[in-house]
């Protein structure tokens, strides 16, 4: 994560530098750029805020990989252009720009070139082994091997630079064995020795309970901490790098690898959260009233039938409520099939319905649910009772998602594709539980930004 924060800060420095260069050569008033930092700090603060918003929306910092240079260039260019264009259109908080169009394109070009070149250099620099974060995994069981597989994923490695050097395990049958390309180096007696000899930066502890850490292992972990090598539970590392909770399959059922808990949210967060839901609910309903005539007109010519579609869903504390959407399927779509998930290229979806789903327009009526208090703007997507009953047979903790109100958008919606299988439902549940556990203003803003990107890129379902 340090690499990501370093890159964000360096990007903001380059962005500010680009604005200073622009002001020096193109600004119409007699102001020295260095003076603007004192007299007009909001010019720079706003530019940085817009960049952070769009970089999160388009997940720019998940693609810092020198082997995918074209993706890197195109995404950086997209964020840079969106940032510069939005910045220039915001009145009062940004400088007045000349009427000539040339400076507009010069500013965008300067931002694109500077940041793209820097991201490319950054990706190559941080591939060097000396800059990797060397770790030992204590425990070569299921969770230990799972974290190794996760950290060795190409995208995760380029984003985090974790390099797993080896396993430490007290099971004599595992000594010397290789799992996922990583060798079991020895038992807990050897932990401190290897931590020093191999220049380990962090130890990942794959132990399910505190009772598992005792005797020699506990002493060696204390030695490592005292020596300056931090010890981090495996579930914390997994959640940090994936944004979801760790789950394993046992005897045909899925279970949480570690005990689930959710920190109690403070009253300020809960109050502001509800206030924002009311504000967004009012704005959303206003947008709904404006767009409804157009939806009605499209349906009149291409998909005659009811304008709205209502359905019972499961809400907070397993309480049912009625959800509203613009109809996107043919009338009586489930008359002969019963309750089924929508699939890719589902023939039941109408032509205008495909557009509504891609742009998320079909979700607009749910702002009425937000105003009523049935839903939040952000939260797990509400499921139908029939699917809840089906999924909790194999995912015993599925109803944990009902600890909070469901949402129009959510962490699972922006992190995982639309799915129509039990496996997809499990992955989305892992993301939902992560959100419930860590929800905050920062995470909510991140979700909103990525939702905007989904709408702009027509990636809804």
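None of the figures in this text is laboratory data; all of them are computed from the coordinates on show. All values reported here derive from a predicted model rather than from experimental measurement. Because the Cβ atoms are built from the backbone with ideal geometry, glycine has one as well, and the counts that use them run over all protein chains shown.
The table that follows gives values for the structure above.
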read-out	value
Residue 45 paired with residue 291, simple spin-label distance in nm, labels 7 Å along Cα-to-beta-carbon	3.2
Those residues of region 234-248 whose amide nitrogen sits under 12 Å from the label point placed on residue 133, 7 Å along Cα→Cβ	236-242
Cα-based shape type of region 267-456, given that a ≥ b ≥ c are square roots of the gyration tensor eigenvalues and the cut on a/c is 1.5	oblate
Three principal axis lengths of region 214-308 [C-alpha, angstrom, descending]	74, 41, 21
Using distinct alpha-carbon pairs, which all enter the 1/r mean, Kirkwood radius of region 131-242 in Å	13.8
Three-way shape call for region 371-442 based on the alpha-carbon gyration tensor, with the a/c threshold at 1.5	prolate
Packing-based order for 383-392, 78-87, using average beta carbon neighbours within 10 Å, highest first	78-87, 383-392
Antiparallel bridge percentage (DSSP; both residues within region 131-242; nearest 5)	10
Average Cα contact separation per residue, region 131-242, under 8 Å, 6 or more apart, as relative contact order %	30
